[in-house]
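My questions all concern the structure below.
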Amino acid sequence: MPKIGKYNINEIYTGGYSSLQPDFGGLYLGYNVRASTIGSPTSIQTANQLKEVSQRLNEGIVPIELQPLNPEVFDQIPKQHFKEINRLAKLTGAKISLHAPIIEPSGMTKEGWSEISRQLAERQLNDVVEKALELDDKGRVPITIHSAGIPGKEYIMTPQGRKIERLIVINQETKKMVPLEEEKKFYPGEDLKNGVVFDVNRELRALNNSEWVNNLTNLEFYKKEADEVMRGALIPLAPIVAEENVNLRELRPTPEQEAAFNQLGRAEIFMNNVETSFNSIFNKAYQFSDEKGKERLKKVSERWGIEGEKIEKEKEKNFARAYILKSQLLDESIRGIKQIPPPKLYIPIEDFAMKHSTETIANVAFNAYKKHPDKSPQINIENLYTGMAFSSGEEMKKFILDSREKFVERARKDGVSEGTARQMAEKMIGMTLDVGHLNIYKKQGYTDEDLLKEVKEISKFVKHVHLTDNFGYGDSHLPPGMGNVPFKKILEELEKKGYQGTKIVEAGAFVQHFQTSPHPYALEALGSPVYAMKMAPYWNQISNTYQGYYGGYGLMLPSINYESFGGGFSQLPGELGGQRAGAGGSRMSGRPME
């Protein structure tokens, strides 16, 4: 580099010799991806997806993903547009995929869960699939569906390994959600300096225990009140109740006995209320207990059935004695139900939603297969970020496997062989890996190595990929290379498992704030070959050698050239590089010849 006095003369040619190096470029990630597999989404804000697809095609993008994420916006897309997008794709060779609108598959809402809401979600997703199939005559359209829209576990990485920092649980009876966090508590007789640490799992056990104890305590309290009322009524009747052959219904009671019978009727109301409460607790216990608890409850139920018949017969003759037998049976049953472990009334939201979400996905996939066996779509479940349900690799793996298993069950009931059913389940149900969502685990202390472990957990299920960059704290939606997502390690791991599919660059926030296409930056970051062959030169090598592929040549004969070099042509018409408009109607006017 020449040096004159205090000044250095830099190279005018911006590319310099270094552009010949394969790893040249400030955005380059060290992993080369073919341009034909780098895609872009459409805007999530408009129903005019046809215009959006045309704009992406004008940029030279091949894989295009429709992303009308708002259900209302999705419903505003004319059905003819899906067919028109299909025609555009066939003309241009574009590969179309679809991101389903954000619909909660489990049926959970702000008000809680209901089967009606789950069925509604299933019908909506069935409609999404039907419209998606219009995008490709051959079918196999990749459809991305969010795994969940509900809060879930929040993990944190500690020196000892991963642990749950926050847990969302749901009351299976009321269907309401409750957050649990690690808490330090102070009890008499314990270490008051350090307290007793309750992690989220211990908090969950304590919540179920206290709920169960409260139920039993209330039941025993009302039973005690009923016994006291009944005991007061039976004292005047004790002699006749003790006689085996006395039929109280034929007895002519004395005034004192008449008052006792009335008191006994009041006691019956108390006892019936206790029985109703017991039935409610028994129902709750049987639904939410483990198998060992259910076995004990079966014995209580059998005993109730045997004694119940005796009590009913006794009522016909000596109803006072029947009340005594009912009281004894309730005491025995309450003792029996107290012996079972506390039922799991509260469970993690993922455990509850898993059952219902996988049912929805399996039903949607099977419905598509049944109606369109030759062009079944590819349904890919997308991972969400930490703090949302099913955000970890382990949870996503279970989600996909359970969905496939339920698909097989549905198919076998419909007469499909198990082999065919399993083959179709694996073909139709997979995963969309959003690397940006995964990277947000970094705010919980995860490292690149930790993220790679998550990818290894689910890599064999990945059938579609969303590439977006961020700094680990929020879903920033930057182009690759502008944050700290470990793209190279993740893409190499996917390649080991055979993934060679499309990669949709979700950089909507970049477009919004900088009003420019992220595609050239993605080509540079991913080192895409300039030509169709996977060989040099790459976009990262030539990105700074001239204005750029999308820059064009600029203004023809710009006037600044003449002014800078003293040509004195600034007064010429604009057609010749000057600044003045041509004379009206003359050949310098700028109007076309007539």
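The values are calculated or read from the model by the stated rules, or taken from the named source; none is laboratory data. Just so it is clear, the structure is predicted and the values come from calculations on it, not from any experiment. A quick note on method: Cβ atoms are made from the backbone with ideal geometry, for glycine too, and the neighbour counts reach across all protein chains shown. The protein model used for the area step is the full one, side chains on, heavy atoms only, and it has no ligands, DNA or RNA in it. Shrake-Rupley method; radii C 1.70, N 1.55, O 1.52, S 1.80 Å.
If I ask for residues that are buried (at least 21 other Cβ atoms within 10 Å of the Cβ) and either touching a Ser or Thr at 6+ places or on another chain (Cβ under 8 Å) or free of Cβ contacts under 8 Å to residues at least 12 places away in the same chain (or both), which ones from region 438-462 would you list?
Listed by number, the residues that qualify are 440, 441, 454, 462.
Would you tally the residues in region 318-338 being basic (Lys, Arg) and surrounded by fewer than 19 Cβ atoms within 10 Å (Cβ to Cβ)?
Summing the residues that are basic (Lys, Arg) and surrounded by fewer than 19 Cβ atoms within 10 Å (Cβ to Cβ) in region 318-338 gives 2.
Also: Exactly one of (1) closer than 18 Å to residue 132 by Cα; (2) of a type in the set (A, V, I, L, M, F, W, C); (3) open to solvent by 30 Å² or more (accessible area, probe 1.4 Å); (4) assigned to a helix (DSSP H, G or I) is unmet by residue 57. Its number?
Result: residue 57 fails condition (1) only.
Give, as residue ranges, the helices (runs of 4 or more DSSP H) completely inside region 410-463 that count at least 1 residues that are out of contact with any Pro (no Cβ under 6 Å at 6 or more places or on another chain) and of a type in the set (Lys, Arg).
Details: elements: 418-428, 435-439, 448-458.
Because the criterion is at least 1 residues that are out of contact with any Pro (no Cβ under 6 Å at 6 or more places or on another chain) and of a type in the set (Lys, Arg), the helices (runs of 4 or more DSSP H) in region 410-463 that meet it are 418-428, 448-458.
While we're looking at this one, here's another question. Within region 469-509, can you find the residues that are in contact with an Asp or Glu (Cβ under 6 Å, 6 or more places away or on another chain) and farther than 16 Å from residue 30 by Cα?
477, 478, 504, listed by residue number.
Does any residue in region 94-118 that is at positive phi and surrounded by fewer than 19 Cβ atoms within 10 Å (Cβ to Cβ) come within less than 8 Å, Cβ to Cβ, of a residue that is aromatic (Phe, Trp, Tyr) and not in a strand (DSSP E or B) six or more places away or on a different chain, and which pairs are these?
none
Kindly indicate whether residue 150 is open to solvent by less than 20 Å² (accessible area, probe 1.4 Å), within 17 Å of the chain's Cα centre (by Cα), among the β-branched types (Val, Ile, Thr) and within 26 Å of residue 345 (Cβ to Cβ).
On the way: open to solvent by less than 20 Å² (accessible area, probe 1.4 Å): yes; within 17 Å of the chain's Cα centre (by Cα): yes; among the β-branched types (Val, Ile, Thr): yes; within 26 Å of residue 345 (Cβ to Cβ): yes.
It is true that residue 150 is open to solvent by less than 20 Å² (accessible area, probe 1.4 Å), within 17 Å of the chain's Cα centre (by Cα), among the β-branched types (Val, Ile, Thr) and within 26 Å of residue 345 (Cβ to Cβ).
Is at least one residue of region 368-381 acidic (Asp, Glu), on the phi < 0 side of the Ramachandran plot, open to solvent by 40 Å² or more (accessible area, probe 1.4 Å) and in a helix (DSSP H, G or I)?
Narrowing region 368-381 to residues acidic (Asp, Glu): 374.
Applying the additional criterion that residues be on the phi < 0 side of the Ramachandran plot yields 374.
Right, trim to open to solvent by 40 Å² or more (accessible area, probe 1.4 Å) and you get 374.
After this cut, where a residue has to be in a helix (DSSP H, G or I) as well, the list is none.
No, because not a single residue in region 368-381 is acidic (Asp, Glu), on the phi < 0 side of the Ramachandran plot, open to solvent by 40 Å² or more (accessible area, probe 1.4 Å) and in a helix (DSSP H, G or I).
Kindly evaluate residue 80 against the criterion of being loosely packed, with under 14 Cβ neighbours inside 10 Å and modelled with pLDDT of 95 or more.
yes
Residues 325, 401: which one is within 30 Å of residue 156 (Cβ to Cβ), part of a helix (DSSP H, G or I) and free of Cβ contacts under 8 Å to residues at least 40 places away in the same chain?
Of 325, 401, the one residue that is within 30 Å of residue 156 (Cβ to Cβ), part of a helix (DSSP H, G or I) and free of Cβ contacts under 8 Å to residues at least 40 places away in the same chain is 401.
Which of the residues that make up region 485-518 are assigned to a loop (DSSP other than H, G, I, E, B), within 23 Å of the chain's Cα centre (by Cα), of a type in the set (Val, Ile, Thr) and over 20 Å from residue 454 (Cα atoms)?
The one that is assigned to a loop (DSSP other than H, G, I, E, B), within 23 Å of the chain's Cα centre (by Cα), of a type in the set (Val, Ile, Thr) and over 20 Å from residue 454 (Cα atoms): 502.
Which members of region 72-129 meet the condition of being among the small types (Gly, Ala, Ser), in a loop (DSSP other than H, G, I, E, B) and under 21 Å from residue 431 (Cβ atoms)? Give the steps one after another, and end with the answer.
Step one: of region 72-129, the residues among the small types (Gly, Ala, Ser) are 89, 93-94, 97, 100, 106-107, 112, 114, 117, 121.
Filter once more, keeping what is in a loop (DSSP other than H, G, I, E, B): 93-94, 100, 106-107, 114.
100, 106 - these are the residues of region 72-129 that are among the small types (Gly, Ala, Ser), in a loop (DSSP other than H, G, I, E, B) and under 21 Å from residue 431 (Cβ atoms).
Has region 339-346 got at least one residue that is assigned to a helix (DSSP H, G or I) and open to solvent by 90 Å² or more (accessible area, probe 1.4 Å)?
No, region 339-346 contains no residue that is assigned to a helix (DSSP H, G or I) and open to solvent by 90 Å² or more (accessible area, probe 1.4 Å).
If a residue has to be surrounded by 16 or more Cβ atoms within 10 Å (Cβ to Cβ) and either under 30 Å from residue 323 (Cβ atoms) or touching a residue at least 40 places away in the same chain (Cβ under 8 Å) (or both) to count, how many in region 202-215 make the cut?
6
Then there's this: Look through region 171-183, keep the residues that are open to solvent by 30 Å² or more (accessible area, probe 1.4 Å) and free of Cβ contacts under 8 Å to residues at least 60 places away in the same chain, and return whichever of them is farthest from the chain's Cα centre (by Cα).
The selected residue is 183.
Name the pairs whose Cβ atoms lie under 7 Å apart, with the first residue in region 280-309 and farther than 11 Å from residue 343 by Cα, the second of a type in the set (S, T, N, Q) and outside any helix (DSSP H, G or I), and 6 or more positions between them or separate chains?
Sorted first by the residue in region 280-309, then by its partner, the pairs are 296/339; 297/289.
Can you tell me which residues in region 184-201 are open to solvent by 90 Å² or more (accessible area, probe 1.4 Å) and under 29 Å from residue 392 (Cα atoms)?
So the first thing to find is which residues in region 184-201 are open to solvent by 90 Å² or more (accessible area, probe 1.4 Å), and the list is 184, 186-188, 190, 192-193.
184 - this is the single residue of region 184-201 that is open to solvent by 90 Å² or more (accessible area, probe 1.4 Å) and under 29 Å from residue 392 (Cα atoms).
Could I ask something else about it? Within region 463-482, work out how many residues are among the small types (Gly, Ala, Ser) and open to solvent by less than 10 Å² (accessible area, probe 1.4 Å).
Counting residues in region 463-482 that are among the small types (Gly, Ala, Ser) and open to solvent by less than 10 Å² (accessible area, probe 1.4 Å) gives 1.
Here's something else I'd like to know. When residue 121 is evaluated against the numbered criteria (1) open to solvent by less than 20 Å² (accessible area, probe 1.4 Å); (2) at positive phi, which criterion, by number, is the only one it fails?
If we test residue 121 against (1) open to solvent by less than 20 Å² (accessible area, probe 1.4 Å); (2) at positive phi, just (2) comes out false.
Any chance region 498-518 includes a residue that's at pLDDT below 95, open to solvent by 10 Å² or more (accessible area, probe 1.4 Å) and among the aliphatic types (A, V, I, L, M)?
Checked region 498-518: at least one residue is at pLDDT below 95, open to solvent by 10 Å² or more (accessible area, probe 1.4 Å) and among the aliphatic types (A, V, I, L, M).
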